[in-house]
Amino acid sequence: RLTQQMDFNDPKDLSVPFDVVFSSHVLEHVESPVNYLRFAKRNLKTGGTLVLSVPNEHSAIHLKWPYFTGDGNHLYSFSLANLKELLTITGFEIQACYYDVH
């Protein structure tokens, strides 16, 4: 078991590549989503999987209670379209995408 604490705004490569990187509600909080995703890609084994979850800016919940409020908590908001583009430019191939509008 590997346990390491780090600042994802300035991530350091890990010594062991992983089969899976699971990232839930992190991407919208880091200063550079591109750098974070490149870090995840570098630390995955060839053929590894990134499981990524972010709030959806087009969801019904976001329309009632916006999560991107400009208070510094959420630095970015993501739609399905811009998230797919971000994953593509950082070297990921999208295998599946699941989302809800709630």
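The values are calculated or read from the model by the stated rules, or taken from the named source; none is laboratory data. Fair warning: this is a prediction, and the values are worked out from it, not measured in the lab. Positions of Cβ are generated from backbone atoms using ideal geometry, with glycine treated the same way; all protein chains shown enter the neighbour counts. Keep in mind that these areas ignore ligands, DNA and RNA; they rest on the heavy atoms of the full protein, side chains included. Shrake-Rupley method; radii C 1.70, N 1.55, O 1.52, S 1.80 Å.
How would you rank 70-82, 31-43, highest first, on the average number of other Cβ atoms within 10 Å across their residues?
Values: 70-82: 13.0, 31-43: 16.9.
Ranked from most to least packed, the peptides come out as 31-43, 70-82.
For all pairs of alpha-carbon atoms in the chain, what percent lies in each bin of width 10 Å, listed from the first bin to the last filled one?
Result, from short to long distances: 14, 47, 30, 9, 0 percent.
Once Lys and Arg get +1 and Asp and Glu get -1 on their Cβ, which of Ala60, Val16, Asn35 lies farthest toward the positive end of the dipole of the chain?
Result: Val16.
Any idea what angle helix 80-89 forms with the longest principal axis of the chain, computed on alpha-carbon atoms, 0 to 90 degrees, nearest 10?
20 degrees
With all protein chains present, how much of the accessible area of the chain (probe radius 1.4 Å) comes from carbon and sulfur, to the nearest whole percent?
Details: 3810 of 7150 Å².
Answer for the chain: carbon and sulfur cover 53 percent of the accessible area.
For the chain, give the magnitude of the charge dipole about the Cα centre (Cβ charges: +1 Lys/Arg, -1 Asp/Glu; no others), in debye to the nearest 20.
Numbers: 8 positive and 11 negative charges, 61 e Å.
Value, rounded to 20: 300 debye.
I want the local charge near Asn43. Using Cβ-Cβ distances under 13 Å, sum +1 for each Lys or Arg and -1 for each Asp or Glu among the other residues. Each step should come with its number before you reach the end.
Working: positive: Lys12, Arg38, Lys41, Arg42, Lys45; negative: Asp13, Asp19.
Taking every Cβ under 13 Å from that of Asn43, the sum is +3.
Can you tell me which aspartates and glutamates have their Cα less than 13 Å from the Cα of Lys12? Leave out same-chain residues fewer than eight positions away.
List returned: none.
Over the chain, what is the relative contact order in whole percent, taking alpha-carbon pairs under 8 Å and six or more residues apart? Show your work: numbers first, answer last.
Details: 117 pairs, mean separation 28.4, N = 102.
Reported relative contact order: 28 percent.
Accessible area per residue, 1.4 Å probe, Å², for the chain: what's the number? Numbers along the way, then the final one.
Details: 7150 Å² over 102 residues.
Result: 70 Å² of accessible area for each residue.
Calculate, in nm to one decimal, what Cys97 and Asp71 gain on full extension: separation in residues at 0.36 nm each, minus their alpha carbon distance.
On the way: separation 26, 0.36 × 26 = 9.36 nm, distance 2.89 nm.
Additional length available on full extension: 6.5 nm.
Helix 33-42 versus the longest principal axis of the chain: what angle, 0 to 90°, nearest 10, using Cα atoms?
30 degrees
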